[in-house]
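Here the structure comes first, spelled out in structure tokens, and everything after it is commentary.
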Amino acid sequence: MNFVCSVTGLNHHLTAEEIQNKTNNLVEKYQKLLDDIISNSDETKTFSNTFGALANADSQLASEISVCTLPALVRSGNENQAVREAAVKSKQTFAQMWNSAYRRKDLYNVLKQF
């Protein structure tokens, strides 16, 4: 059976281990995108490659995290307990990631230039 969404191309039928791995990969990807925004030299920083890049990173991640977090809301039954628990942990991880990201002083210093 194919569980890939025909509209988004996202697979919303992951195992608990796949949710954990995907969560870790997305957090690393987001951190790298933030680091890239911050590492632009002052001469090359623009609104587009700072605020625009941050908005793109946030929107891309918001779409991709649904495969990790949706099972916390829709899975039922004992056979899905591990998946549901992994999805709940994933939601917490992403909330912590965003809270930490928007508290970064180095990111703030880049964005306040615009």
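The values are calculated or read from the model by the stated rules, or taken from the named source; none is laboratory data. Model, not experiment: these values are computed from the prediction. Cβ coordinates were reconstructed from backbone atoms using ideal geometry, including for glycine residues, and neighbour counts include every protein chain displayed. When the accessible area is computed, the model is the full protein with side chains, heavy atoms only, and any ligands, DNA or RNA have been set aside. Shrake-Rupley method; radii C 1.70, N 1.55, O 1.52, S 1.80 Å.
For Phe114, the stated conditions hold: it is open to solvent by 70 Å² or more (accessible area, probe 1.4 Å), at pLDDT below 90, touching a Phe, Trp or Tyr at 6+ places or on another chain (Cβ under 9 Å) and more than 28 Å from Asn21 (Cα to Cα). Within the range 32-44, identify whether any single residue is assigned to a loop (DSSP other than H, G, I, E, B), exposed (fewer than 14 other Cβ atoms within 10 Å of the Cβ) and either of a type in the set (Asp, Glu) or in contact (Cβ under 8 Å) with a residue 24 or more places away in the chain (or both), and answer yes or no. Yes, because at least one residue in the range 32-44 is assigned to a loop (DSSP other than H, G, I, E, B), exposed (fewer than 14 other Cβ atoms within 10 Å of the Cβ) and either of a type in the set (Asp, Glu) or in contact (Cβ under 8 Å) with a residue 24 or more places away in the chain (or both).
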